[in-house]
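Q: One structure follows; several queries about it will come next.
The values are calculated or read from the model by the stated rules, or taken from the named source; none is laboratory data. All of these numbers come straight from a predicted model, not from anything done at the bench. Here the Cβ positions follow ideal geometry from the backbone for every residue, glycine too, while neighbour counts run over all protein chains shown. Remember, those area values only see protein heavy atoms, side chains included, never the ligands or the DNA or RNA. Shrake-Rupley method; radii C 1.70, N 1.55, O 1.52, S 1.80 Å.
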Amino acid sequence: MSTAALHADSHHDHHEHKESFISKYVFSMDHKMISKQFLITGIVMGIIGMTMSLIFRLQLAWPDEQFGFMETLLGKWAVDGKLDPNFYMGLVTIHGTIMVFYVLTAGLSGTFSNLLIPLQVGARDMASPFMNMLSYWFFLASSITLLSSVFIETGPASGGWTVYPPLSALEKAMPGSGLGMTLWLSAIALFIISSLLGGINYISTVLNMRTKGMSMNRMPLTIWAFFFTAILGLLSFPVLLGAALFLIFDRSFGTSFYLSDIYLEGVGALENIGGSPVLYQHLFWFLGHPEVYIILMPALGITSEVISTNARKPIFGYTAMVISLMGISFLSFIVWGHHMFITGMNPFLGSVFMILTLIIAVPSAVKAFNYLTTLWKGNLRFTPAMLFSIGLVSFFISGGLTGIYLGNAALDIQLHDSYFVVAHFHLVMGSAAIFGMLAGIYHWFPKMYGRMMNNTLGYFHFWITFITAYLVFFPMHFMGLAGVPRRYYQFTLLEDFNVWMDVNKLITVSAIVGGAAQLLFIYNFFYSIFKGKKATANPWQANSLEWSTPVERIHGNWPGEIPTVYRGPYEYSRPDREEDFFPQYVPDDSAPEVLHTEEHQVAPEEKSPEEVESSVFFAAIKRVFGLS
Amino acid sequence: MRIDTLRIRLNSIFKKSLAVLSFVLAPMMLLAADVIEPPKEFSIANFDWITILSVLLALLIILVIARAFDIGALTEKITGKTVVSWNNINAWVAIIFLVAGLFGVWYELKVHGPLLMLGNSASLHGDTYDSMFYWTFGFTFFVFVVTEVLLFYFMFRYRYNENRKALYYFHNNKLEIIWTIVPSIVLTFLVLRGFTTWSKITTEIPKESQEIEVFAYQFGWKARYAGEDGSLGNQNFNFISGSNPLGVAEAGQVDELVKELEGEISKLEAFKASADDSILAWKGRYDRFVATGLSRTYPEDFKTLKTKFNDGVSGAYVRTLEKDIKRKRTALNRIAEYKKDDGFFDGTANDDRVTTEIVLVKNKPYIFKFRARDVIHSAYMPDFRVQMNCVPGMPTQFAFTPTMTTTEARSIKNKPEYDYYLFCNKICGAAHYNMKIKVTVVENEAEYNTWLASQAPLVAPKVAEQTPAAETEGIETEATDNTVAMN
């Protein structure tokens, strides 16, 4: 059963060679290994980012306490066990940066695009394995650069993850704007290179390397999501690179792109004037808004796949799902101004951005309703992956709805930069995307490591995480509506906010419980890599192409020829089939390829009373709108 | 056979309740203990090994339970009987979560709802704002409840049953069109309403609005009121100095600043001329420190000395001096340009009041002109539904009319100590969390006039000697360059 034997049997195009440890595990060019490298790095970064959040949550809940262990851990940043305000800002900034870029962009998209694109479209590897390898190593270099900034004397960048100048441009404005900021900018520049190398690869692989029969409209929704994500990244990350370069120039070479009229610490701080801080915000959010979809869309893609597989039911409205993704991708480029309603931008421009922003709610609503309908009358198997996907849908709805408030320029006056915003994006972007990532890990773990993860631990992991995530983020809406500003080190100096102390404590305790639950996942993950139950080739009885590969994850993916694709990926529970799944790669001439056209719409043979009862909702909709 | 089934049923019910307990009730109890009784004795400062151990213990227990279930699954495989149905357990937990969650939402609305800044706004446009909010809340809350209930209900209702096959239901154009069109209509309504609300707030500014300059700096606020002449004087950031923190165009102050700058330039020139000597002196001290072992006794001083010495040798010291001189010369040139313009120093600034409190009159329209001198700040007055960024180099504004005096707000909120504040709401540095200025709304013009009269004008009327009233402890008073001050 050695891979060598399989290699010998195989007669694919790849040149036969013996792989050394270095070429197999370190400088690997195999997309599956690279995806694991992304995943493990992402998990490590995730643990660091989460620990940081727990530290500053402790500060927010118990501002007057002294935590002995904090001094042990942080040294001069927590003298007498009390967190330093500058370091608090640093933690907030690095937590945001790590979570947004390193975990939810690289960790999520990097892992699953790499793993699934070749496997699901039927390719031996990425279009350019070498670039793919470079992509990971730039990412690792970037991670190390960012983390190293935590250990320097002046502390890490601490102007918030958006690093608005002049705060981030002037060394004298805060300690973190010194070397820490330089390292942050270097890290982001490296990160962007990594992201672009990856993105080009994903796009060309999807467009050029699909196997026979894999037309675009037979691609799983995961691939569609990764494809659009890569396009978004390719178009928007260079703009951030430009913004970062201008900032580097302003910081180090005396230019004044973002700076004007500055007086700091007793001196007029600039030789040149005439720049605009708002310019940076425009450039930043031109990336920043697509970025939230770069984070969210892969998670939605994964969810579509997992929900359909475990509901044993075709994803409802495949075409609508693709069109929504397309619509969201397009719109995401023209809505960045909703982050800037109150920056002093022309109010008319604010109105335009408000209209465009609220349009995004329509494709998002379509997606949510389609997920619900996919669950309706399904036969739901609650694997941990399925639970996390359903959790994602729940977060997507709760967090998405508050977007309607924030996208409204008038309502944003009050809510901007309050805890309402924190609640909103942690639910719709943070928790939802993390849940998508976890769903992906549970679902494709057998493809990654050839073993199964422990389901029972997965259930505990899911429910504790799900409940605590809501306990952490739901009350924050109320704080925001009461006018509590975000990024405050403590509220003890503002008496009116003291009523929220209890809530702050509840949030912190929930966060600690939720954080501890992740230890279950870490244990489960690493234990299962070595000791998990051996997986079969297709443990979830899924349809898509990756499940036709052998359990031993060989170089080149398929030992023989790449299978041909005969139908779409979501042919579950076809009435003309005995089994409730019908893989894409199984030829069957007698079965019509497409059953789901209007003419072939198949009704269930006979409805049981419960089924009739549960379709009341849809029947009611139909009746209201006079449809048959 | 029947007894067998019953036994399995009981077994599964027992396990279900165990799961429910551990999944839902245990964490909730843990948290409830914190919420219901304000944690007076409960101090996380005792966060030590015991706490860490108990967390680990809890995790261990979960691991053991998981292992037990695995054994159950194994038995299941061997005997072919269903012992644990995780599909059922998860479905039940989903329903319990839904009920508990809806209860939580209701609880939050009931307990924290009254604390929200809704319904009792202190400004004219605030009511429009609140009504916009309620409309949005109505729609979103309805959708939230319906969709979440459906989601968890479907989870429960359609849990796995091996005898059932899912409905092969690929799409339904009519249904999809409906749920594209309906949200579009609702959103169109919200957009139109939002558009009118936003335009009204941002563009309908009464002509008679009084201008107040609100000035932000690390870390505090100042307000500038026009004096008796009713107009705010000019300002420019080049005039900012220790005694003129807002950079107001006040001729005497600016002349002083010019003198000060010239003095500094000659001082810097002198440093530059004697740079070689300084470097030599530092080298001497540096060598002495090393020779006598003082470097170990006073490591901090030694470090400073070493930096200075290195800067001197590498030329960074002279470069910094040159840069400072150049910058100060540029500032002088800019000031000279302004001095050529007679209209700029028109004396309107002389009677301006720079204050550390904002006082407004009820029902009088105001327009706040925001400025910042170092980084971006944001003026946030939640009671008035007002927020606007203060951007260095880009003046911004917000117009509003207060409608509720501080006294009224106190009685409505039933808090005798309550005050309005303007907070900073854009991350701006270490003391961001404590950057605020009190806002007081008074009943009538008379009260306001009394207050304004108590504030000293920028330039005292000729009778009195100079009183720099604007100078307060919040502002750096020395305008010297601290790179050189190290000498």
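Q: Among the residues of segment A:354-370, what is the count of those that are more than 8 Å from chain B (Cβ to nearest Cβ) and in contact with a Leu (Cβ under 9 Å, 6 or more places away or on another chain)?
A: Qualifying residue count for the region: 5.
Q: Further question: Show the residue pairs meeting these rules: Cβ distance below 6 Å; 6+ apart or different chains; first residue within segment A:65-76 and farther than 19 Å from residue A:156 by Cα; second residue among the charged types (D, E, K, R).
A: A:66/A:80; A:66/A:82
Q: Okay, next question. Quickly run through segment A:371-384 and pick out the residues that are in a helix (DSSP H, G or I), crowded, with 24+ Cβ neighbours inside 10 Å and facing another protein chain (nearest Cβ under 7 Å).
A: Listed by number, the list holds a single entry, A:375.
Q: Can I ask one more? Among the residues of segment B:370-383, is there at least one that is more than 24 Å from residue B:244 (Cβ to Cβ), charged (D, E, K, R) and free of Cβ contacts under 8 Å to residues at least 40 places away in the same chain?
A: No, segment B:370-383 contains no residue that is more than 24 Å from residue B:244 (Cβ to Cβ), charged (D, E, K, R) and free of Cβ contacts under 8 Å to residues at least 40 places away in the same chain.
Q: Taking segment A:163-185, which residues are open to solvent by less than 10 Å² (accessible area, probe 1.4 Å), among the hydroxyl-bearing types (Ser, Thr, Tyr) and part of a loop (DSSP other than H, G, I, E, B)?
A: Result: A:168, single match.
Q: Are there any pairs, at least 6 apart or on different chains, whose C-beta atoms fall under 9 Å, with the first in segment A:347-360 and of a type in the set (D, E, K, R) and the second surrounded by fewer than 21 Cβ atoms within 10 Å (Cβ to Cβ) and part of a helix (DSSP H, G or I), and if so, which?
A: Listed pairs, sorted by first residue: none to list.
Q: Among the listed residues A:529, A:554, which satisfies the condition of being more than 26 Å from residue A:90 (Cα to Cα), surrounded by fewer than 22 Cβ atoms within 10 Å (Cβ to Cβ) and touching a Lys or Arg at 6+ places or on another chain (Cβ under 8 Å)?
A: Of the residues listed, the single one that is more than 26 Å from residue A:90 (Cα to Cα), surrounded by fewer than 22 Cβ atoms within 10 Å (Cβ to Cβ) and touching a Lys or Arg at 6+ places or on another chain (Cβ under 8 Å) is A:529.
Q: Right, another one. How about segment B:289-321: which of its residues are touching a helix residue (DSSP H, G or I) at 6+ places or on another chain (Cβ under 7 Å) and open to solvent by 80 Å² or more (accessible area, probe 1.4 Å)?
A: Listed by number, the residues that qualify are B:306, B:313.
Q: Still on this structure: Give me a count of the residues in segment A:413-429 that are in contact (Cβ under 8 Å) with a residue 60 or more places away in the chain, touching a Phe, Trp or Tyr at 6+ places or on another chain (Cβ under 7 Å), open to solvent by 10 Å² or more (accessible area, probe 1.4 Å) and in a helix (DSSP H, G or I).
A: Residues meeting the conditions: 1.
Q: Name the residue that is modelled with the lowest pLDDT, counting only residues in segment A:404-433 that are over 15 Å from residue A:361 (Cβ atoms) and of a type in the set (Val, Ile, Thr).
A: A:413
Q: Out of segment A:232-255, which residues are at pLDDT below 90 and either assigned to a loop (DSSP other than H, G, I, E, B) or open to solvent by less than 30 Å² (accessible area, probe 1.4 Å) (or both)?
A: Correct list: A:253, A:254, A:255.
Q: If a residue has to be buried (at least 20 other Cβ atoms within 10 Å of the Cβ), within 9 Å of chain B (Cβ to nearest Cβ) and touching a helix residue (DSSP H, G or I) at 6+ places or on another chain (Cβ under 7 Å) to count, how many in segment A:492-505 make the cut?
A: Residues that pass the stated criteria total 3.
Q: Among the residues of segment A:397-412, are any part of a helix (DSSP H, G or I), among the charged types (D, E, K, R) and at the interface with another protein chain (Cβ under 9 Å from one of its Cβ atoms)?
A: Taking every residue of segment A:397-412 in turn, at least one turns out to be part of a helix (DSSP H, G or I), among the charged types (D, E, K, R) and at the interface with another protein chain (Cβ under 9 Å from one of its Cβ atoms).
Q: Follow-up. Return yes when residue B:412 is open to solvent by 10 Å² or more (accessible area, probe 1.4 Å), touching a Leu at 6+ places or on another chain (Cβ under 8 Å) and not in a strand (DSSP E or B) and no when it is not.
A: In short, no.
Q: Follow-up question, since we're still on this one. Going by the structure shown, is residue A:321 under 19 Å from residue A:436 (Cα atoms), in a helix (DSSP H, G or I), touching a helix residue (DSSP H, G or I) at 6+ places or on another chain (Cβ under 6 Å) and at pLDDT below 95?
A: For residue A:321, the condition - under 19 Å from residue A:436 (Cα atoms), in a helix (DSSP H, G or I), touching a helix residue (DSSP H, G or I) at 6+ places or on another chain (Cβ under 6 Å) and at pLDDT below 95 - is met.
Q: Go through segment A:107-136 and report how many residues are over 29 Å from residue A:565 (Cα atoms) and open to solvent by less than 10 Å² (accessible area, probe 1.4 Å).
A: Going through segment A:107-136 one residue at a time, the tally reaches 2.
Q: Within segment A:423-459, can you find the residues that are away from chain B (no Cβ under 14 Å) and hydroxyl-bearing (Ser, Thr, Tyr)?
A: Result: A:431, A:449.
Q: Return the pairs, sorted by first residue and then second, in which the second residue is surrounded by fewer than 22 Cβ atoms within 10 Å (Cβ to Cβ) and aliphatic (A, V, I, L, M), the first residue lies in segment A:541-561 and is without any contact (Cβ under 8 Å) to a residue 60 or more places away in the chain, the beta carbons are less than 8 Å apart, and the residues are 6+ apart or on different chains.
A: The qualifying pairs are A:548/A:537.
Q: List pairs: first in segment B:427-442 and assigned by TED's automatic domain parsing to the domain that holds residue B:382, second of a type in the set (Lys, Arg), Cβ under 9 Å, 6+ apart or cross-chain?
A: B:427/A:486; B:427/A:487; B:432/A:487; B:432/B:426; B:433/A:487; B:437/B:222; B:441/B:362; B:442/B:362
Q: Can you pull out the residues in segment A:330-353 that are open to solvent by less than 10 Å² (accessible area, probe 1.4 Å) and away from every other protein chain (no Cβ under 11 Å)?
A: Correct list: A:332, A:335, A:337.
Q: Continuing with this model, one more query. Kindly indicate whether any position in segment A:434-457 is surrounded by 24 or more Cβ atoms within 10 Å (Cβ to Cβ), modelled with pLDDT under 95 and closer than 18 Å to residue A:514 by Cβ.
A: Yes, segment A:434-457 has at least one match.
Q: Suppose we filter segment B:161-202 for residues that are facing another protein chain (nearest Cβ under 7 Å) and open to solvent by 60 Å² or more (accessible area, probe 1.4 Å); how many remain?
A: Total meeting the criteria: 4.
Q: In addition: Mind listing whichever residues of segment B:84-116 are in a loop (DSSP other than H, G, I, E, B), farther than 29 Å from residue B:441 by Cβ and of a type in the set (A, V, I, L, M, F, W, C)?
A: B:84
Q: Here's something else I'd like to know. Can you say whether residue A:91 is open to solvent by less than 10 Å² (accessible area, probe 1.4 Å), within 28 Å of the chain's Cα centre (by Cα), more than 12 Å from chain B (Cβ to nearest Cβ) and in contact (Cβ under 8 Å) with a residue 12 or more places away in the chain, as far as the supplied structure shows?
A: Criteria met by residue A:91.
Let's see how each residue does on (1) more than 15 Å from residue A:390 (Cα to Cα); (2) assigned to a helix (DSSP H, G or I); (3) out of contact with any strand residue (DSSP E or B) (no Cβ under 9 Å at 6 or more places or on another chain); (4) without any contact (Cβ under 8 Å) to a residue 60 or more places away in the chain:
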position	(1), (2), (3), (4)
B:118	yes, no, yes, yes
B:121	yes, no, yes, no
B:128	yes, yes, yes, no
B:133	yes, yes, yes, yes
B:142	yes, yes, yes, yes
B:149	no, yes, yes, yes
B:155	no, yes, no, no
B:161	yes, no, yes, yes
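Q: Also, quick follow-up: Please indicate, with yes or no, whether at least one residue in segment A:385-392 is open to solvent by 10 Å² or more (accessible area, probe 1.4 Å) and at the interface with another protein chain (Cβ under 7 Å from one of its Cβ atoms).
A: no
Q: Here is a check on your reading of the model: is residue A:483 more than 8 Å from chain B (Cβ to nearest Cβ), small (Gly, Ala, Ser) and open to solvent by less than 10 Å² (accessible area, probe 1.4 Å)?
A: No; evaluated as a whole, the condition is false for this residue.
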